[in-house]
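Readers should treat all values here as calculations from the given coordinates under stated rules, not as data from a laboratory. Computed from a predicted model, the values in this text were never measured in an experiment. Cβ sites come from the backbone with ideal geometry, for glycine too, and all protein chains shown count toward neighbours.
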Amino acid sequence: MKLDDRLGALRLLVVTGKGGTGKSVTATALGRILAARGRRTLLLEVDPRENLHHLCGVPPSGGEIVAVAPGLWLQNLKPEAVADWVVEKQIKVGVVARRILKSPVYHRFVEGAPGLTEIAILGHALRVVRGQLARAPAIDTVILDAPATGHGVFLLTAPRLFVDAIGEGPFAELARQVADFVSDPAKTGLAVVTLAEEMPVQEALELRAALAGKLGREPELLVANGLYPPAPDAGGDQPQGGDALTRLWHDRRRVNDKELARLAERWRGPRIELPLLPVDAGPELVAALAELLAGELNAEDAA
Amino acid sequence: MSLDLTAPRPPLLVVVGSGGVGKTTLAAALGLVSAGAGHDTLVMTFDPSRRLKDTLGVDEAAGGAEVDVAADTSGTLRASLLDARETFDRLVDRYAPTPEARDRILGNRYYDHLAGHLGGVLEYMAVERLYEVAAERRYRRVVLDTPPAREAIDFLEAPQRIVDFLDSGALKIALRPWFDHEGHLHAASGLLGRLGFVDRRLESFLDRVVGLKLLRDMSEFFLAFEPLFDGFRRRAEKVKELLADRGTVFVLVAGPGEQAIPDTLFFARRLADAGFRLGPIVVNRVHPDFPDADGDDAGHRLFRWLGERHRRALDELRRRLGGERPLIALPLVPHEPTDLGSLAAFGRDFQDRLAAARPASRRNAAKSP
């Protein structure tokens, strides 16, 4: 199956990667691609400081779902807002619900219960694709630009842990639904974005192993991002008489090549390489990378 | 403030910055320079790359212990790799009034979750361990690398958050009436007068929403933890004092490029506002400017563009910092330094740039006896 058919059939695509790997740009480019294929797509960002709107070329959304392009929407999600929604659903009396929401005990609980934030984020995505959200467009696929902290794997394993630890009550019920949703390979996929450098590649490989061990899942896609252009005499020794720029370029590309070789050896599954482009982060960069990415996704087998 | 790694002071360096900017590498390099100048130095790391781990000797076998780094320095250089869970366990061990109380906490399922996943545990434990080491005075200088975080500011806020959480009177009061010391649910009667109407609603809400199993674990945990709270609170105060001490200098590391500027300025301001001493701001992995390289292939176009962008971002940052604070730009090197030789060279380069960035009057003052 072509990769873009595979991605296009998902209801949730989680895009994960360390800060500085180009994760958000890649997530946005994937959103553009799915939307262009006719999937009604929501880009979901979880970051107190909004960033995706800048990549989409629209003003900050302030938490609302806003239209970015035909078939493409954007939302900046505050996880606490989702936990608050659970409270409001449980406590029918508005004035009581509001006082609970203001209570320090409640805030400590939301901060302190491990995995609650993750469940809130994924639970929101689930409600979006099920059309359970009031005043929201119908959405086929949510692309989640996952928080850069920690391993993406905790985001996906947290619901199961939460169910195991708690078992009862509405949060546990939400967690159970979310756990089923994310462990279904037909519904939820994971794209890992990395730079072709030692630390990020190591972490990508560790994430892959953790995902296989804990969920029995494999990521749908690895994007090796920000590659320096291939050197003209790739693989050769230091170019004689080249300028300082050429020497640095060749050295940095050699680091890329070494890590790409490590990935080729140890990463089972689709891999796509994307270049570092001399374009500022913004809609223009997203468009350029979306074009390259679409070509690779449309190929019969990636890497 | 200015910083000279070859001088005997400051005794504490805290290397902060958002994830993936090269904090750990810089911390190791600073340690080498410091030990090279004859000062016994400890580098405490969290997240070294595989090869850096090998170089420092802090593999899994070392298990958080301080190990000798096989460096040819006149002062001793040691390194440790911090593990949050282990430090947390040790802390419980220390403050638990009885072995039974300790076992109750360590065996509690909620503690298991908390120690592994509560945001801020690693940060809190980092400063805890730092405090222990500083109090023992076995080193002339300690270089603390900080846990990976999206934002540098997390490191400063997380310890307080976790103390607030652990010491949360509100949470204890909310949980206590639910269970007796044997962990049996009993009718919440005695304290209800104090709790009032909304808290009663909150309890019934938590009951419905959270389920009793987690609440029982949490309640047991907080009951078992209660005797430790005093120790924790006092400790947190001491840690705060240590970080605000004149002998503690923060080194802020940032990535190159325009998008890093707001975070860097924000953190610098927060440090100053909180009364901490910020030393140099280090912009790492700056693509060099190549104005004379006039090739027209993809590599030349890209590197000229990157060099120009990074230089512009540096100028902008320098302008917005107002020129009082030393700003050290470390150029992108051909290979990330991971062996002792390249780390030492990286550190020397940093030290040279520090010296050059120091105001002339300070430089002269430093030379006089």
* **Largest-first principal axis extents of the Cα set of region B:246-359 (Å)** => 51, 34, 24
* Asked: Using 7 Å Cα-to-Cβ label points, what is the B:ASP112/A:ALA288 separation (nm, one decimal)?
  -> 5.1
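Grab the beta carbon distance between B:ALA274 and B:ARG50, set R0 = 30 Å, and tell me the FRET efficiency rounded to 0.05.
On the way: r = 35 Å, r/R0 = 1.16.
Between B:ALA274 and B:ARG50 the formula returns 0.30.
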* Asked: When the Debye formula is applied to the Cα atoms of region B:255-307, each taken as the same point scatterer, what base-10 log of I(q)/I(0) results at q = 0.20 Å⁻¹?
  -> -0.75
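Between the DSSP loop rule and a limit of at most 13 other Cβ atoms within 10 Å, which trypsin sites (Lys or Arg not before Pro) in region B:227-318 are left? Working shown, then result.
Working: sites: B:ARG233, B:ARG234, B:ARG235, B:LYS238, B:LYS240, B:ARG246, B:ARG269, B:ARG270, B:ARG277, B:ARG285, B:ARG301, B:ARG304, B:ARG309, B:ARG311, B:ARG312, B:ARG318; in loops: B:ARG246, B:ARG277.
Those satisfying the criteria are B:ARG246.
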* In chain A, lysine pairs with alpha-carbon atoms under 25 angstrom apart (chain gap of 8 or more, or interchain) -> 17
* Most to least packed among A:257-269, B:346-358 [average Cβ atoms within 10 Å] -> B:346-358, A:257-269
* **Mean shadow area of region B:52-106, taken as a quarter of the surface of its Cα convex hull (nm²)** => 4.9
* To do: Could you please report the charge total around B:THR73, scoring K, R as +1 and D, E as -1 over all other residues with beta-carbon less than 14 angstrom from its beta-carbon?
  => +1
* Asked: Relative contact order for region A:179-276: what is it in percent, counting Cα pairs under 8 Å that are at least 6 residues apart?
  -> 35
* Using 7 Å Cα-to-Cβ label points, what is the B:GLU237/B:THR6 separation (nm, one decimal)? -> 4.2
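Chain A: D in µm²/s via Stokes-Einstein (Kirkwood Rh, Cα pairs, 10 °C, 1.306 mPa s)?
On the way: Rh = 20.4 Å.
Diffusion coefficient, whole number: 78 µm²/s.
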* Rank the residues A:VAL15, B:VAL249, A:VAL68 as a footprinting-exposure proxy: fewest other Cβ atoms within 10 Å of their Cβ go first. => B:VAL249, A:VAL68, A:VAL15
* To do: Kindly provide the pair-distance distribution of region A:16-65 built from C-alpha pairs, with 10 Å bins from 0 and whole-percent values in order of increasing distance.
  => 24, 55, 21, 0
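What GluC sites (Glu not before Pro) in region A:1-86 are in a loop by DSSP, with at most 13 other Cβ atoms within 10 Å of the Cβ?
Hits after loop and neighbour filter: A:GLU64.
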* Asked: What is region B:234-355's relative contact order, in percent, from Cα pairs under 8 angstrom and six or more apart in sequence?
  -> 26
